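One structure below.
The values are calculated or read from the model by the stated rules, or taken from the named source; none is laboratory data. Just so you know, these numbers come straight off a predicted model, no measurement behind them. Virtual Cβ from ideal backbone geometry, glycine too; neighbours counted across all protein chains shown.
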Amino acid sequence: MQATLLPLFPLPVVVFPRTQLPLHIFEERYKEMVGRAIHDHAEFGVVLVREGAMVNMGCTVVVDRVLKEYPDGRFDIVTSGVRRFEILLINEEKSYLRGEVNFFDDDEPGPPPVPLQQQALQGYRELLQVDESPSFGEAALDDPQLSFQLAQGLQDVDFLQRLLCLRSEAARLKQVTEFLGEYVPKQRVTQRMKRLAPTNGHGPRPLER
């Protein structure tokens, strides 16, 4: 596919196709960038920044709705992921970054084996039983790329970025299953400690005034 110049929004988050990402826009350059995207009904790219460096693969989003506009020009929006891309070159002619990108999708056509889907779904159901359930919305379980739906609320951006780059749904489902197999037990322990911490074995704390 021919390279396309795409506005880029570096953030410490990962978004997947057909999952939601709420954003608070306050910097002038991103007010301009997102304002143009809203006016033109256009996509912009969300790219993970970690340890001060921007990775070279991300996902485009479109603005679903504007939740609130502030008197000083800031605004709150909800975006939805659209398609994945790889950055080929960075363009710095505007106040915000743009990139020459190639869009990509999975290399393997057709649905993955049903047992892989069931294993990943079982891990996801166990995650929902933990207090800190996925935070960015309900999973669309009929999505052909189910792995993205199941992983969208997880907090490990390194894992999410690896998942975003994989071009096989079967490989992603295996990764999600393995990750949840370790993550869910840890979350159970964390939640149990939170429930015990306020009492510390000495009964409820007095109210603070």
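Of Arg83, Arg74, which residue is surrounded by 12 or more Cβ atoms within 10 Å (Cβ to Cβ), touching a residue at least 24 places away in the same chain (Cβ under 8 Å) and farther than 22 Å from Pro17 by Cα? Break it down into steps so the answer makes sense when it comes.
Details: Arg83 fails: farther than 22 Å from Pro17 by Cα.
That would be Arg74, the only listed residue that is surrounded by 12 or more Cβ atoms within 10 Å (Cβ to Cβ), touching a residue at least 24 places away in the same chain (Cβ under 8 Å) and farther than 22 Å from Pro17 by Cα.
Only one residue in Phe44, Phe16 is touching a helix residue (DSSP H, G or I) at 6+ places or on another chain (Cβ under 7 Å), in contact (Cβ under 8 Å) with a residue 60 or more places away in the chain and crowded, with 17+ Cβ neighbours inside 10 Å, so which one is that?
Details: Phe44 fails: in contact (Cβ under 8 Å) with a residue 60 or more places away in the chain.
Every option except Phe16 fails the conditions.
Can you tell me which of (1) under 30 Å from Tyr183 (Cβ atoms); (2) exposed (fewer than 14 other Cβ atoms within 10 Å of the Cβ) is the one Met54 doesn't meet?
Result: Met54 passes all but (2).
For Met33, all conditions in the list (1) under 30 Å from Asp142 (Cβ atoms); (2) crowded, with 16+ Cβ neighbours inside 10 Å hold save one; what is the number of the exception?
(1)
Just to be sure I understand the filter: pairs with C-beta atoms under 7 Å, separated by 6 or more residues or on different chains, first member in segment 89-107 and within 20 Å of Cys165 (Cβ to Cβ), second member of a type in the set (Gly, Ala, Ser) and not in a strand (DSSP E or B). Which pairs pass?
Within 7 Å, the pairs are Glu100/Ala3; Val101/Ala3; Asn102/Ala3; Asp106/Ser168; Asp107/Ser168.
In the same structural domain as Val189 (by TED's automatic domain parsing) and part of a loop (DSSP other than H, G, I, E, B): which single residue out of Arg162, Arg167 fits that description? Give the steps one after another, and end with the answer.
Details: Arg162 fails: part of a loop (DSSP other than H, G, I, E, B).
None of the other options fit; the residue is Arg167.
Yes or no: segment 53-70 includes at least one residue that is farther than 14 Å from Leu23 by Cβ and part of a loop (DSSP other than H, G, I, E, B).
No, segment 53-70 has no match at all.
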